[in-house]
Every structure is written in C-alpha cells, then in structure tokens.
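Worksheet for the structure shown next.
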C-alpha cells in the first residue's frame, strides 16, 4: 500500500432538471485518482451500515481503492447538494450534521495496521472541521504517520460552512508540525493563518511565507479558477506550471485532483518541476469531468502534457 487517506465521503446530489447522485469527498477523491494512475491507495473512514454507506464503499472499491471502513449503527451518510449555473457551480448546500465520521473517537482506528507498508499519508482540513472527535483523530493519525516515517501531505481546504476562521486556525496550526507538503490557496492561507506575501496575493510570496512560518518541506499554492495554474515552493526554489485553459464542466474536486497528481508524481520520484506540471494537468482535466472523482487515465494526462487540446479529439 503506497498511499493512505482519511476523511469523509458523502452522497452528492446535483440539482438540475433531474436529480443525479454520485459519491465524493476530498480525501476519497485523492485516493481514487492515485489508484487510477497506478498508486495503491487506501481510504480510511467511518460509515453507517446501511445502503448508502455500502454504496460509498462500493464506489471506492470500483475505482481500485482499498476502503478501510469502521461500520457503525449510529450516525448517517452526509449529503451535499450542488446547483450549477451553466458551467459554474452557483451554490453548495451541506446536509452532513451527525454523519457517522463526525462521531469517530480517538483510539478507534489502528493506525499501525492502517499504515503498514505505506509511504504517504494525506488528510485535509475538512476532516478536523467535522467535530472535536474528528479533530482529535486527525491529530492522532498525523502523529502516527510521522512515527511510521511516512511523508505527510495536508490540504488546508477551508470550509466556512463547517467552522470559523478562528476555529480553523486554532485547530490546525498545531498540526503543521507533522506536515511535509502543504497545499492551499492564497485566499485560504489569508483567511485561516493571516498570511499574505509581500505583494499581497502573489502566490509565490504566500508559498514562501507559509514555508517559513511552519517549516514544511514544500508548499503548493493552487489557482483553481480558469486558467488552471499552481506554484510550489520547495528546496529553496519556486516551481510553476504552465497554465491550462479549460472548458469547465465541473470544478468541484479540481484541488483534490491536483493533490492526487502531486502525490503520484512524488511517489514516482519526480522532481518538483515535473510534479507541479503533472499535478496541474490532472487538475485541469478534472474540470472537464462531471462529479467529484477525476476519472482520467495516465495516457490522458500524458497527452495533455505533450500539448494536446482539452477539446474533444475527433
């Protein structure tokens, strides 16, 4: 097992002329893309033992992810509703209070077993935002991952509908000591940690400021709007990717696709220059795919990196 992720997955309902349901969640999205690109991946979560919980597990396994689930009779599956306006997401409504994973308790996951043979661990700021218990288990998992000598990545992923900026900072600042690779946006860095570069919103300056403050090995700043782009501060340098102009069908999950592509690249021992290009390509491709999962193949990513258009190939 190369990669382990931990977090919530929900049922996503798209509000259109017909109601379409799919499965999604930040850490599961990362595991799915990694698995599709050839990295053995495990997703750890807690789900109710009912039809919706079993559906989520099945969707993960269909994509080649090893779903390590704690099944429970209490709690529920979280839902979220997406309303689209053309190619843009106009609103997202969460219905996730009381979800099974929000009731996770410290000591309930055998992290030694979960991390056996793994090389990388990933979690995002959404997980500790779910509840005090989830925050404690997130901290527990990060400490265990470092003890197991895994590389740890963390996506700040601030969600104002889950907690305040003050709460997010207080809970996550202590977690940064365990993090090797931090991924975020300029906006989230400013809102949660009050960090801006010398030039304000310049992503290079924000990446360097985050790296200096938390002493992490690498910081990735994604520009998730169109055109898709990113920068990474690592090894005393800043690496940037070419911009990909995309015809966006669904931007949800593009940040997760970036993280997944970055993890795959680093596990394959690519340098940061190649890694940021590969990760930005996977994020760009996600914009063209409906639903949370980035359902791409290695050849599609390689074609884009060779200069192929994101338009339909005829």
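Computed quantities for the displayed model
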{"quantity": "Positions within the range 270-285 being free of Cβ contacts under 8 Å to residues at least 60 places away in the same chain and surrounded by 19 or more Cβ atoms within 10 Å (Cβ to Cβ), in sequence order", "calculated": "272, 275, 276, 277, 278, 279, 280, 281, 284, 285"}
{"quantity": "Sole exception among (1) within 18 Å of residue 295 (Cβ to Cβ); (2) touching a strand residue (DSSP E or B) at 6+ places or on another chain (Cβ under 7 Å); (3) free of Cβ contacts under 8 Å to residues at least 60 places away in the same chain for residue 76, by number", "calculated": "(1)"}
{"quantity": "Pair list, Cβ under 6 Å, 6 or more apart: the range 201-220 residue at positive phi and assigned to a helix (DSSP H, G or I), other residue at pLDDT 95 or above and surrounded by 16 or more Cβ atoms within 10 Å (Cβ to Cβ)", "calculated": "none"}
{"quantity": "Members of the range 86-125 that are closer than 23 Å to residue 261 by Cβ, modelled with pLDDT of 95 or more and out of contact with any strand residue (DSSP E or B) (no Cβ under 8 Å at 6 or more places or on another chain)", "calculated": "117"}
{"quantity": "Lone qualifier among 53, 38 - being within 23 Å of residue 153 (Cβ to Cβ) and either touching a strand residue (DSSP E or B) at 6+ places or on another chain (Cβ under 7 Å) or outside any strand (DSSP E or B) (or both)", "calculated": "38"}
{"quantity": "Some residue of the range 15-32 being in contact with a helix residue (DSSP H, G or I) (Cβ under 6 Å, 6 or more places away or on another chain) and either modelled with pLDDT under 95 or in a loop (DSSP other than H, G, I, E, B) (or both)", "calculated": "no"}
{"quantity": "Out of 77, 82, sole residue that is at pLDDT below 95, crowded, with 20+ Cβ neighbours inside 10 Å and within 21 Å of residue 161 (Cβ to Cβ)", "calculated": "82"}
{"quantity": "Residue 233 surrounded by 24 or more Cβ atoms within 10 Å (Cβ to Cβ), free of Cβ contacts under 8 Å to residues at least 40 places away in the same chain, touching a helix residue (DSSP H, G or I) at 6+ places or on another chain (Cβ under 8 Å) and not in a strand (DSSP E or B)", "calculated": "no"}
{"quantity": "Hits in the range 156-184 (condition: in contact with a strand residue (DSSP E or B) (Cβ under 7 Å, 6 or more places away or on another chain), outside any helix (DSSP H, G or I) and without any contact (Cβ under 8 Å) to a residue 40 or more places away in the chain)", "calculated": "156, 179, 180, 182, 184"}
{"quantity": "Test: residue in the range 251-266 that is part of a loop (DSSP other than H, G, I, E, B), under 20 Å from the mean Cα position of the chain (by Cα) and surrounded by fewer than 18 Cβ atoms within 10 Å (Cβ to Cβ)", "calculated": "no"}
{"quantity": "When residues of the range 206-220 are limited to those that are touching a helix residue (DSSP H, G or I) at 6+ places or on another chain (Cβ under 9 Å) and surrounded by fewer than 21 Cβ atoms within 10 Å (Cβ to Cβ), the one farthest from residue 173 (Cα to Cα)", "calculated": "217"}
{"quantity": "Residue check for residue 153: surrounded by 14 or more Cβ atoms within 10 Å (Cβ to Cβ), touching a strand residue (DSSP E or B) at 6+ places or on another chain (Cβ under 7 Å), in a strand (DSSP E or B) and touching a residue at least 24 places away in the same chain (Cβ under 8 Å)", "calculated": "yes"}
{"quantity": "The range 292-306 - residue that is part of a helix (DSSP H, G or I) and in contact (Cβ under 8 Å) with a residue 60 or more places away in the chain and, of those, farthest from residue 24 (Cα to Cα)", "calculated": "304"}
{"quantity": "Members of the range 116-125 found to be under 19 Å from the mean Cα position of the chain (by Cα) and surrounded by fewer than 22 Cβ atoms within 10 Å (Cβ to Cβ), listed by number", "calculated": "118, 119"}
{"quantity": "Check on residue 246, closer than 17 Å to residue 123 by Cα and assigned to a loop (DSSP other than H, G, I, E, B)", "calculated": "no"}
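The values are calculated or read from the model by the stated rules, or taken from the named source; none is laboratory data. Computed from a prediction, not measured in an experiment: that's the story for all the values here. For neighbour counting, all protein chains shown are included, and Cβ atoms are generated from backbone atoms with ideal geometry for every residue, glycine included.
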